[in-house]
1. Provide the solvent-accessible area of Thr77, counting protein heavy atoms only and rolling a 1.4 Å probe, rounded to the nearest 10 Å².
2. Can you list residues from other chains, or at least 5 along the same chain, whose modelled amide H is less than 5 Å from the amide H of Arg152?
3. Given R₀ = 30 Å, FRET efficiency for Thr60-Lys175 by Cβ-Cβ distance, to 0.05?
4. Subtract the Cα-Cα distance of Ile19 and Arg152 from 0.36 nm times their separation in residues, and report this length gain in nm to one decimal.
5. So how much slack lies between Arg78 and Gln163, counting 0.36 nm per residue of separation and subtracting their Cα-Cα distance, in nm?
6. Using +1 on the beta carbon of Lys and Arg, -1 on that of Asp and Glu, and nothing else charged, what's the dipole of the range 46-176 about the Cα centre, debye to 20?
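The values are calculated or read from the model by the stated rules, or taken from the named source; none is laboratory data. In this text the structure is predicted, and so the values were computed from the model without any measurement. No Cβ is skipped: glycine too gets one built from the backbone with ideal geometry, and neighbour counts run over all protein chains shown. For the accessible areas, the whole protein counts, side chains as well, though only heavy atoms, and no ligand, DNA or RNA atoms are used. Shrake-Rupley method; radii C 1.70, N 1.55, O 1.52, S 1.80 Å.
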Amino acid sequence: MILMIVFIILIVLVTSVFIVLNSSKFFNKTEDKKNPKEDLLVSDNEIDFISPSVPKVDITEKRAMVMCNCHKEFKVTRSLFNKEHTCFMINSDNGTGTDCKFSCIGLGDCARVCPQQAINIINNTAVITNLCIGCGKCIDVCPLHIIQLISRNKEIVVKCGNQECEPTSCSTILKEEKVEWPGKKDFKIWRFCYKIFRGIIKS
């Protein structure tokens, strides 16, 4: 008799647990159907705001090059611009600040959009390094349209946007030169730090 009672109690307990488990699954499925992707604590919009998705960047077999020589000089005094401004703003109001309308303004619109941080500004001219992957984002923002994608295997290039040979005092107009993409822009800084470190050790 006692065994029978124990057996009945066990059956009741197992049945109860089974019912509870199934009912919880049912309610969870109902909630999932209402909003399958919604987090109870953070919504999808909040997740995108906190950790925005990184847009895909296309890698090509080419590299970008600014068709303006960073070693150029002018006979006229070059205008100095507020570095808080953009190339687009300056070009709209004042031109390039030189007697060549194809001279890089050098305020870094291209550098700001580069996903590889592959652009340095040298002598008020954008210089693209070997970190470039040829995505072309810099080309779209240059107001002078003097950035081009060229083959990585190209050896000689005319690094000048003044293809019509308009009058200018630029020292490098239509000058042919060897194609080079400088190394990583932070390398010189690390080399300088290394020299200091070696000097301290030797002393």
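1. Answer for Thr77: close to 130 Å² accessible.
2. Arg63
3. Details: r = 27 Å, r/R0 = 0.89.
Efficiency computed from Cβ-Cβ geometry: 0.65.
4. Stretched out fully, the Ile19 to Arg152 stretch lengthens by 41.0 nm.
5. Residue separation times 0.36 nm, minus the Cα-Cα distance, leaves 28.5 nm.
6. On the way: 14 positive and 14 negative charges, 81 e Å.
My answer is approximately 380 debye.
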